[in-house]
Structure formats: C-alpha cells, structure tokens
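> One structure, as structure tokens, below. Some questions next.
The values are calculated or read from the model by the stated rules, or taken from the named source; none is laboratory data. These numbers come from a predicted model, not from an experiment. When we count neighbours, we look across all protein chains shown, and the Cβ atoms used for this are built from the backbone with ideal geometry, even at glycine. Side chains are part of the model used for accessible areas, which takes the heavy atoms of the whole protein and leaves out ligands, DNA and RNA. Shrake-Rupley method; radii C 1.70, N 1.55, O 1.52, S 1.80 Å.
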Amino acid sequence: MAVETHIDDAIERASDERAVIADKRDAIAQFTERVAELSPASEATATPAIATTGGLAEGSDAGDSRCRTVRQAFAETVYPHALDEIEGTESVHAAIGNELSEELAVALAPATDAAFSATLKRALVNEAESRRAETAVLVRALGREVDQLQRAETLVEEVTGWIDEAEETPLTELGFDALHARHERLADYRDRCETVVSERQAFLDGTTNTGADVGVSHRLFPSYLYQSFPDEHPALATVARLDSTCESCQRAVRAHLTRRA
C-alpha cells in the first residue's frame, strides 16, 4: 500500500542540519582555543580605553598583531560556517559582529588600532564559549528530532508492510476468527499511531536545555527545518494518513464480520 510520506526527507533534512551545526560548534571551539592561547598585551603598552567600545579596545601606538591573529583565526574557523547560515557574502568584520557582538567586532577592527588587552581576550573567550554552548544545545536538540522522526518512520514501515502482506489474502477468503484477528491488529496499530502523535506533540511542546540559560524550543523546528515541505509537520501528517488508512481497512473488515455474525 502507498501512504504519502515525507518522513525520509525530514530525517535527511534534520540530519544534514545537525551535521552543519556540529561543524560550526567545533569551529567555534577551535577559535576559542586559538584565542585562549594568545598572551594579552601588558597594561604598560596600552593607552587608555576607547570609549566607543566600552573599554574592550585599548589604543596602541602601532596596533597589535594579536588582533590581526584573532581576525585570521575567526576567518579560518567560524567565518565559513557563518556564511553558510546567511547564504551570502559578508566581511569578516560583519561576521564577527553577527556571531560574537558588534562591540567585539569594533574592538578587533583594523581601524580601531587596538591592543589585545586582557579585557578584550576575556570578552572574546566568554562570548565564543557562550556561542559554542548555544550551538551544542542545538546539535543535541536536532539529534532528538531525528530520533523522533525515526520512531515515526519505523511505525509507518511496519504498518504499511503488514497491510501489504495482509491484502494478498482477500477478506472473502478469511474465516470469522481470522477477520477478528485482523480487526484487532488494525486497532492496535491505530493505538500506536495515537501514541506516536501524542509523543510528537509533547516533544514539540518541549525544549532541549543545557544549563539554566541555554535552551532550544522544539516548536521552532517545523518552520526552521520543513518550511519547503508540503507540510511543516511531515511526521504528524504521515501518521494521520496512516491512521486513516487503518480505519478504512477496519471498516472493510467489520463489514465482513457483520455479514458473518
């Protein structure tokens, strides 16, 4: 039997997105490590803080090559993944602003002529670690999304496979007991469809959290992942169609049971 389903496509979409975000998480971790390895400028070499950057940038007579090193590290690690997200091109400076903060982007900009101070280093590491935590929790949430979809897919494959096999024997060739058993099997499948739907809805109402401050609402997934699909809820839509098919099969079996009662 054929039940229209886009669950396979949804699994592929969620899995691909999980891989993309995992790569970005790892890139942010690499950037953080490279920044952490840099030694900040001594206070004796830095002039008073530049007001527009909230004290993050401290002027230096000749600038600081370590700020260039940070920009290069960002360009080699996080920048390619930032471009994937926005589907376009932008400068490294703009990407730093989007991924970390505008304040840090200004502090690191060549025109700022800043020293790589201890304050700037600490702010960079803290912000990068925060972004890595955000991507890590999204990776975990997307993994749970894939698991959810795979459970729905397993049910669909089992039920459609059983119906295909069962329909090879016409109802007219089945005795009363065999018809009753088929009706009960279909009722069990409908109960399992209801369970999958309930679990799916509960999952969408939930969140994936890492600590108190970082969380991902699962309600974001339909529009975030499946907006190009015929239905933004491919699992729910497919299981609903499967349940409807089982109900139609039950009606046909009941009609035969009634005639033989």
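> Collect residues whose amide H, placed 1.01 Å from N in the peptide plane, falls under 5 Å from the amide H of Ala114; neighbours closer than 5 in sequence don't count.
Asp64
> May I pose another question? Please check which bits of the stretch 115-142 a label hung off Ser42 would reach, taking the label as a point 7 Å along Cα-to-C-beta and the cut-off as backbone N under 19 Å.
Backbone N within reach: 115-121.
> Placing +1 at every Lys and Arg Cβ and -1 at every Asp and Glu Cβ, with all other atoms neutral, what dipole size does the chain have around its Cα centre, in debye to the nearest 20?
Computed about the Cα centre, the dipole is about 480 debye.
> On to the next question. Between Ala19 and Arg219, 0.36 nm times their residue separation minus their Cα-Cα distance comes to what?
Gain in length upon complete extension: 70.0 nm.
> What is the calculated FRET efficiency for Arg260 to Glu168, with r their C-beta to C-beta distance and R₀ = 30 Å, to the nearest 0.05?
0.90
> With the crude spin-label approximation of a point 7 Å out along Cα→Cβ, what separation in nm comes out for Ala94 versus Ser248?
In this crude spin-label approximation the distance works out to 5.2 nm.
> Could you give the Stokes-Einstein D for the stretch 120-261 in µm² per second, using the C-alpha Kirkwood radius, 10 °C, 1.306 mPa s?
Once the numbers are plugged in, D ends up at 88 µm²/s.
> Between Glu12 and Ala133, what's the calculated FRET efficiency when r is the beta-carbon distance and R0 is 30 Å? Round to 0.05.
0.65
> Can you give the accessible area per residue of the chain, in Å², using a 1.4 Å probe?
Accessible surface, normalised per residue, equals 51 Å².
> By its C-alpha gyration tensor, with a ≥ b ≥ c as the square roots of the eigenvalues, how is the chain shaped: rounded for a/c under 1.5, else prolate for a/b larger than b/c, else oblate?
The shape class here is prolate.
> Considering only protein heavy atoms and a probe of 1.4 Å, how much of the accessible area of the stretch 114-200 is carbon and sulfur, as a whole percent?
About 44 percent, which is the carbon plus sulfur part of the accessible surface.
> Kindly identify the stretch 210-254 as rounded, prolate or oblate by the Cα gyration tensor criterion: order the square roots of the eigenvalues as a ≥ b ≥ c, call it rounded if a/c is under 1.5, otherwise compare a/b with b/c, prolate if a/b is larger, else oblate.
It comes out oblate by the Cα gyration axes.
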